[in-house]
Amino acid sequence: MRPRPRLKALLPSVAAALVLAGLAAGCGPRPQTPAGTPLKVIQNKGSDTMVNLAQAWAEAYRKVRPDVSVEVSGGGSGVGIAALMRGAVDIANSSRDLKPRELEEARAATGKEVHWYIVGFDALAVYVHPSNPLEEITLEQLEEIYAEGGRITRWSDLGVQMPEPRFDRIIRISRQSSSGTYEFFREHALRNRDFKLGSNDMNGSKEVVELVATTPGAIGYSGMGYATPRVKMLRVARKKGEPAYAPTMENTVTRRYPIARSLLMCVLGEPEGEIKAYLDWVRSDAGQQLVEDNGFVPIPPTERTRPMPMTPTP
Amino acid sequence: MNPHDAVSHTRQGQPVEPGRPRWARVAESFIEALIRLCGVSAVVFVLAIFLFVFREAAPVVWSGKVNLAEFLGSIEWYPTSAVKVRYGALALIVGSISVTLVAMAVAVPFGLGAAVFVSEFCGPRIPETLKIVIELLAAIPSVVWGFVGMTVISPLLVRYAGAPIGVNLLNGGLILALMSVPIIVSIGEDALKAVPDSYREAALALGATRWQVVWRVLLPAARNGLLAAVLLGVGRAIGETMAVLMATGHAVQIPHGLLDSVRTLTANIAAELGEAPVGSDHYRVLFLMGVLLFLITFVVNLAADLVVRGIRKR
């Protein structure tokens, strides 16, 4: 009867994992403070898509300015903006444009305007297997493939002949429902409709690309930084008959590529002191190098360390 | 056997040893209390975990935001929908059960076969080596099994089984079978060893072949122990998380065949809990799934326990 205790132990451990996961949701890693140094702390919260990038910035900035500590946490773009209005954080990260309602609320609650800075761009590439003859796709077709009630279920519906008939069924690779990438894709490709049930929901951007690479009938979406030679990126057109664009850095910056977004950092009022210094550094060449290292698109050199005009983007 | 007998025995025994110093007796009672605490703490922990999970789940049911009939009867799992949030867990429940059934269909014949071989047909030295190797299987971490499923079994299924996607029900079932075989073998072998030799001798004396001894005498005699072995294997399979998260494809759908992707309750909790806002409906529904899993594993373990107790009485 030796293995029995092991099994009994399994039961609490499952529950303990639940408890730990719950705790982990509440707290992010804190940078250690060297003893004796008076620290200026900048609180930075928001987008989960940007959280790795924001961490990388915070770590690199400690080398530039050891007396300033940037504390980063995720939670989502909306959570970050809400925290900014409450005054809980100094900088909110957002991987989507701010809603007019949010701008008004901030004005009403704090009497200050929200200022935001574009700190990089992200393009969602649509990946297929290299053996798939398809080269381009429209947003409408993506919606028919992915959205609940959409009619396209086979590659032959798109006029594509797959090398083997058993790969004709479209295998939809998606992200888990709490991911910002999932939300962005839902908003911009599916026009906020729900996904069809039965998609394979991966837990990371990299997993999507890996599964597409081993599944000939698959289609998946993920940040363009995750491309490998074993998958093919499709050109995407807004509508049938319009030109399709590849997810390149240039097409992303000019917004010709339809599923691209700006990465923003938002502050209340005109930024001053250490916060301004940090934002300037993020938008300098050193900060933008990290944007590229993390698989995003940096802002063009001509626009670095220069504030954006303060008009809301549509 | 009974711990209370053992305790009262030592207490009665104390005056018989006049030479024992006082500190030894104090130390002994201290250690006794410590051991008792360890024993009780296991019970306290299990109860506390259940209470915690239940408390987190309860509000969403009491408030009527989630209809239990919908939770158990609908396949529509849209926890973060922008249009209409729906919490139907049927596909996940079916996913958990189907993966477990596939795993047991593979693991029970192999596990019981190996148990019969080790206990009845092996030479004198082989069983020890075999048992060590089989128990080593149980020591492999589940994330490694998931890795094997994703990188080894998945391409094989695509190439040779004609699967459109390699991470599916069959893949998850095979991985879980490999994980539960060691448990079935060790407990099954113990059950067979517990059958008195007089049974075997009597059967052989009556002229039974070895096959007849196993089939007609040993298996019926060890029935309860073997059933317990299978039930503990089921408990292992249904509670497993990481390996199925990686190997089943994580798709919300009722599988129509072995080569369809599924999602299990455990994998869904692991994937979504980390990013569900604490206290939200989504968070509470995930805990409700935890309660459901807890009840399932509790019933399975209890059944196994009662069956094992049935053996001891005889």
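Observations on the structure shown:
- Scanning region B:81-108 for residues that are over 17 Å from B:Arg263 (Cα atoms) and either surrounded by fewer than 17 Cβ atoms within 10 Å (Cβ to Cβ) or modelled with pLDDT under 95 (or both) gives B:Ser81, B:Ala82, B:Val83, B:Lys84, B:Val85, B:Ala105.
- The set of residues from region A:109-138 being buried (at least 18 other Cβ atoms within 10 Å of the Cβ), within 19 Å of the chain's Cα centre (by Cα) and of a type in the set (A, V, I, L, M, F, W, C) comprises A:Trp116, A:Val119, A:Phe121, A:Ala123, A:Leu124, A:Ala125, A:Val126.
Table: residues versus (1) surrounded by fewer than 23 Cβ atoms within 10 Å (Cβ to Cβ); (2) assigned to a strand (DSSP E or B); (3) touching a residue at least 40 places away in the same chain (Cβ under 8 Å).
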| residue | (1), (2), (3) |
| --- | --- |
| A:Gln161 | yes, no, no |
| A:Arg186 | no, no, no |
| A:Arg191 | yes, no, yes |
| A:Asp201 | no, yes, no |
| A:Lys206 | yes, no, no |
| A:Val212 | no, no, yes |
| A:Pro216 | yes, no, yes |
| A:Ser222 | no, yes, yes |
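- For region B:255-314, filtering for residues that are among the small types (Gly, Ala, Ser) and within 20 Å of A:Ser174 (Cα to Cα) leaves 6.
- The residues of region A:276-289 that are surrounded by fewer than 21 Cβ atoms within 10 Å (Cβ to Cβ) and aliphatic (A, V, I, L, M), listed by number, are A:Ala277, A:Ala286.
- Within region B:271-285, the set of residues being within 9 Å of chain A (Cβ to nearest Cβ), touching a residue at least 40 places away in the same chain (Cβ under 8 Å) and not small (Gly, Ala, Ser) comprises B:Glu272, B:His282, B:Tyr283.
- Those helices (runs of 4 or more DSSP H) lying entirely in region B:172-270 with at least 1 residues surrounded by fewer than 21 Cβ atoms within 10 Å (Cβ to Cβ) and either touching a strand residue (DSSP E or B) at 6+ places or on another chain (Cβ under 9 Å) or in contact (Cβ under 8 Å) with a residue 24 or more places away in the chain (or both): B:223-239, B:242-247
- Any chance B:Leu273 is part of a helix (DSSP H, G or I) and surrounded by fewer than 23 Cβ atoms within 10 Å (Cβ to Cβ): no
- Every residue from region A:263-286 that is part of a helix (DSSP H, G or I) and basic (Lys, Arg): A:Lys276
- Among residues of region B:22-64, those that are part of a helix (DSSP H, G or I) and either away from chain A (no Cβ under 14 Å) or over 30 Å from B:Arg284 (Cβ atoms) (or both), counted: 24
The values are calculated or read from the model by the stated rules, or taken from the named source; none is laboratory data. Values in this document were obtained by computation on a predicted structure and should not be read as measured data. Methodologically, a virtual Cβ is constructed for each residue, glycine included, from the backbone with ideal geometry; neighbour enumeration extends over all protein chains shown.
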